[in-house]
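Scroll down for the structure; my scribbles are underneath it.
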């Protein structure tokens with residue numbers, strides 16, 4: 001038993017994700033009582049339709065601060081929004097079973113990416129998605145989009161955009177998979193680090209809570225996320241560019257395969273790295289893959305991406 005408070009964003013998706021974790025915890029052998037504290041985040045308040053790198057910190061900072069200050073005992077986040085460096089008082093306590101990692105296309109008339117007419121407008125504010133779209137279909141117009149998932153779908157239905165690209169995991173959790181036109185293969189259209197995973201964050205000194213949250217952890221999902229986050233920890237230092245990365249594992253195997261793609265700003269060049277190892281080596285798999293990217297010159301992409309981001313947003 002025990003009474004706890006979990007902090008979360010106010011969005012419908014965030015609340016559904018949090019309630020799914022609360023349900024897992026309350027059905028565990030500890031059977032705790034858990035209250036949900038809804039918190040506004042700076043990412044939810046910023047509605048400017050700009051291109052961004054896959055942004056970390058803007059959706060979780062205020063919630064994590066509430067955990068540090070004691071207003072909440074723990075937080076539930078989309079793992080892809082969580083920075084590789086947490087506040088020093090906090091730890092990534094648990095990773096439940098991961099959902100789908102891939103991105104999907106939504107088109108009002110059911111067209112797939114290769115069927116879209118030249119000049120079709122596709123919405124995404126992720127530069128990782130934008131550069132992959134333009135590499136595959138350079139004649140499309142890719143424009144930034146903001147708003148929650150339901151808002152973005154309405155913008156397709158009303159003709160503001162011809163199509164949009166979203167993470168399948170969010171649609172799964174919201175029960176909106178009927179809108180999916182095409183599911184992208186993760187090797188062809190590489191997702192963001194942590195996509196589809198949830199991250200449970202609490203204070204390092206809450207040993208009782210750490211034990212509770214571990215009850216809902218999936219070790220394989222944890223290993224995949226550790227590999228991807230450690231890759232980012234190597235390449236993010238002083239550099240900003242979109243990274244596509246996914247870690248593959250199977251239930252009947254003790255091995256992980258990390259696959260990463262990084263693109264130049266104009267999409268003409270790419271660096272591809274694959275790293276393999278045992279599940280218990282997840283951290284080192286990510287570190288080795290990150291070092292290989294550095295060795296192959298990935299930092300050379302950073303300056304061009306900073307300039308491209310400014311130029312693209314100046315045109316909006």
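Each residue in 74, 301 was given a count of other beta-carbon atoms within 10 angstrom of its own, and listing them fewest first yields 301, 74.
When both the stretch 56-102 and the stretch 290-314 are represented by their alpha-carbon centers, they are found 26 Å apart.
Out of all DSSP beta bridges with both ends in the chain, state the antiparallel percent to the nearest 5.
So the antiparallel bridges in the chain amount to around 70 percent.
When its C-alpha radius of gyration is set against 2.2 N^0.38 Å (N residues), the stretch 194-298 gives a value of 1.19. If you work out mean projected area of the Cα convex hull in nm² from the coordinates, which of [x] 23.7; [y] 26.0; [z] 15.9 do you get? Recomputing mean projected area of the Cα convex hull in nm² here picks out [z]. Here the sum of -39500 (n - 2.57) over DSSP H runs of 4 or more residues, divided by the residues of the chain, equals -10500 deg cm²/dmol at 222 nm, to the nearest 500. First measure r as the distance between the Cβ atoms of residue 97 and residue 180, then evaluate 1/(1 + (r/R0)^6) with R0 = 22 Å and state the FRET efficiency to the nearest 0.05. E(calc), rounded to 0.05, equals 0.60. If you run the Gaussian network model on the chain, springs between alpha carbon atoms under 10 Å, then out of 60, 224, 236 the most flexible one is 236. In the stretch 124-253, Cα pairs under 8 Å separated by at least six residues give a relative contact order of 25 percent.
Sequence-distant contacts, meaning Cα pairs under 8 Å at least 6 residues apart, place the relative contact order of the chain at 20 percent.
Exposure proxy check: 71, 4 ranked by fewest other beta carbons within 10 Å?
With the fewest neighbours first, 71, 4 line up as 71, 4.
Pairs of Cα atoms nearer than 8 Å and 6+ residues apart set the relative contact order; for the stretch 219-316 it is 32 percent. When each of 97, 26 is scored by the number of other beta-carbon atoms lying within 10 Å, the sequence from fewest to most is 26, 97.
Bear in mind that the values in this text are calculations on the coordinates, not laboratory data. Note that the coordinates shown come from a computational prediction; the quantities given were computed from them, not determined experimentally. Here the Cβ is made from the backbone with ideal geometry for all residues, glycine too, and neighbour counts use every protein chain on show.
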